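I have placed the structure first, in the form of structure tokens, so that the comments after it can refer back to it.
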Amino acid sequence: MKFSTKLIHAGQSSDPSTGAIMTPIYQTSTYKQKSPGDFKGFEYSRTGNPTRQALENNLAALEGGNYGLCFGSGLAAIDAIVKTLSPGDEVISTNDLYGGSYRIFNSIFQKYGIKFHFTRMDCIDSLNNLINEKTRMVWVETPTNPMMNIIDINQLYNLILDKDILLVVDNTFATPYLQKPLEQGADIVMHSLTKYMGGHSDVVMGAVICKDKKLADKLFHIQNSCGAVPGPMDCFLVLRGIKTLHVRMDRHCKNAKSIANFLESHQKIDKVYWPGLVNHKGHEIAKSQMLGFGGMISFTLKGNKLKDAISVVSNMNYFTLAESLGGVESLVGHPASMTHAAIPKEEREKTGVVDSLIRLSVGLEDIEDLQKDLDQALKLI
Ligand code: P1T
């Protein structure tokens with residue numbers, strides 16, 4: 001089955017009892033048993049639910065994995081992955097990543113004896129220096145949030161190939177339409193389904209996908225024991241969103257290209273971070289491991305003044321000032337005070353999250369309207 005067909009059909013078939021084309025919302029917490037232990041595949045909706053199962057199977061197929069597991073948010077998915085580790089284990093992560101991921105690593109798991117190192121991963125030496133006999137996981141986002149750095153997944157895979165280390169890729173920004181980390185050597189892919197996969201800013205959900213049965217069993221045990229599962233209505237909404245992923249992503253990429261070019265030539269802009277630009281330092285790697293460059297752009301203003309950035313993000317009409325990304329509507333954010341406020345100022349500034357950094361999630365509106373909107377907000381500073 002080709003990717004576009006998988007989006008629409010994988011994990012789903014018409015409902016056997018009614019012929020309904022769309023997967024029903026099995027809004028039930030439990031299932032009748034004929035006698036104890038004798039049931040039709042489902043016993044309790046924390047453990048399994050048919051709507052959730054359809055989504056989990058769909059996600060596994062899209063990422064080229066064998067197992068998919070859904071969670072109540074992207075962070076709940078991250079929580080489950082880290083819980084496969086034990087006290088004393090070490091994780092090496094990108095220093096540029098979603099602020100909430102940094103927060104759960106540092107403020108929740110550190111105190112249970114798991115150690116986290118944050119480093120640049122576009123420079124393989126810095127990662128190599130941190131690997132030791134306690135390292136059990138390498139955690140990357142690519143493109144990273146919010147600096148849009150590109151990390152060579154296959155290079156990391158080759159580096160840890162002969163070691164007892166799992167490679168985890170947060171594929172939220174790229175989606176499996178643009179990038180398939182499991183095919184490039186990753187052991188685990190995770191998603192905030194809240195973003196492009198759901199695609200309509202109406203659901204909070206996360207997912208983990210892997211190939212290995214032992215790992216999937218561990219994750220399933222955590223999913224069932226800790227219970228951070230999504231409800232069937234939300235699973236239905238994400239299944240519906242996924243059916244148009246390819247069409248939406250093509251337009252996100254096209255609109256982002258126009259906006260990135262527009263920003264690059266604008267006199268009030270200092271730097272533009274979008275991996276599709278030929279002067280982006282990860283452009284060549286992005287070209288080789290992604291099908292397109294995505295809909296996320298970050299940029300800084302000349303003079304790097306906080307008040308200018310606040311003015312720009314507060315005076316847009318079609319780019320709504322809000323946390324999150326990946327919906328059909330355009331959003332604008334100010335990472336230093338919003339999504340990445342959990343990271344200490346000195347730490348975030350080292351990675352480029354300076355006061356004037358602005359992040360755009362370029363939506364599917366008419367490109368002329370979006371450019372005019374940016375232009376008028378920039379004229380005000
Ligand atoms: O919000 P949630 O569904 O829990 O997902 C967390 C998460 C994980 N990974 C990445 C790369 C993310 O961007 C996020 C959430 N990010 C935002 C809310 C944001 O505005 O960047």
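The values are calculated or read from the model by the stated rules, or taken from the named source; none is laboratory data. Remember, it's a predicted structure, so these values are computed and weren't measured experimentally. Cβ: placed from backbone, ideal geometry, glycine included. Neighbour counts: every protein chain shown. Just so you know, the surface numbers come from the protein's heavy atoms only, side chains and all, with ligands and any DNA or RNA stripped out. Shrake-Rupley method; radii C 1.70, N 1.55, O 1.52, S 1.80 Å.
Annotations for the structure displayed:
- Rounded to 5, percent antiparallel among DSSP beta bridges of the chain: 55 percent
- Linear extension gain, Asn128 paired with Ser324, 0.36 nm per residue minus alpha-carbon span: 67.3 nm
- Cleavage-rule hits (trypsin sites (Lys or Arg not before Pro)) in segment 106-186: DSSP loop, at most 15 neighbouring Cβ within 10 angstrom: Lys134, Lys163
- Estimated distance in nm for a label pair at Lys287 and Leu161, the labels positioned 7 Å out from Cα along Cα-to-Cβ: 2.5 nm
- Kirkwood Rh in Å, taken over all unlike Cα pairs in segment 245-378: 15.0 Å
- Which of Ser14, His117, Asn132, positive extreme of dipole for segment 1-147 (C-beta unit charges): Ser14
- Solvent-accessible area per residue for the chain (1.4 angstrom probe, square angstrom): 43 Å²
- Apolar share of the accessible surface for segment 284-376: 53 percent from carbon plus sulfur atoms, 1.4 Å probe.
- Take the Cα of Leu306, go 7 Å toward its beta carbon, and the backbone nitrogen atoms of segment 358-373 under 17 Å from that spot belong to 358-359.
- Mean-square fluctuations from a GNM of the chain, with a 10 angstrom spring cutoff on Cα atoms, peak among Asn149, Asn171, Asn106 at Asn106.
- Segment 245-378 - charge dipole about Cα centre, Lys and Arg +1 at Cβ, Asp and Glu -1, debye rounded to 20: 340 debye
- Selected from Ala286, Met190, Leu215, residue furthest toward positive end of dipole (the chain; charges at beta carbon): Leu215
- Size descriptors for the chain, from the alpha-carbon set: Rg then Dmax equal 20.9, 73 Å.
- Among Asn145, Asn66, Asn132, residue whose mean-square fluctuation peaks in a GNM of the chain (springs only between Cα atoms under 10 Å): Asn132
- Percentage of interatomic Cα-Cα distances in segment 162-288 larger than 18 Å: 65 percent
- Each Lys and Arg contributes +1 and each Asp and Glu -1, all at the Cβ; summed about the Cα centre of the chain, the dipole is approximately 380 debye.
- Positive-end extreme of charge dipole, the chain - chosen from Pro176, Tyr67, Ile92 (charges on Cβ): Tyr67
- Hydrodynamic analysis of segment 122-204 uses the Kirkwood radius over alpha carbon pairs. Inserted into Stokes-Einstein at 25 °C and 0.890 mPa s, it gives a translational diffusion coefficient of 181 µm²/s.
- DSSP bridge pairs, segment 245-378: antiparallel proportion in percent, nearest 5: 85 percent
- Here the calculated FRET efficiency for Asp38 and Asp202, from their Cβ-Cβ distance with R0 = 41 Å, stands at 0.60, rounded to the nearest 0.05.
- Among Phe299, Phe118, Phe39, the largest mean-square fluctuation in a Gaussian network model of the chain, built with springs joining Cα atoms closer than 10 Å, belongs to Phe39.
- Rounded to the nearest 20, the size of the Cβ-charge dipole of segment 328-381 about its Cα centre is 320 debye, with Lys and Arg at +1 and Asp and Glu at -1.
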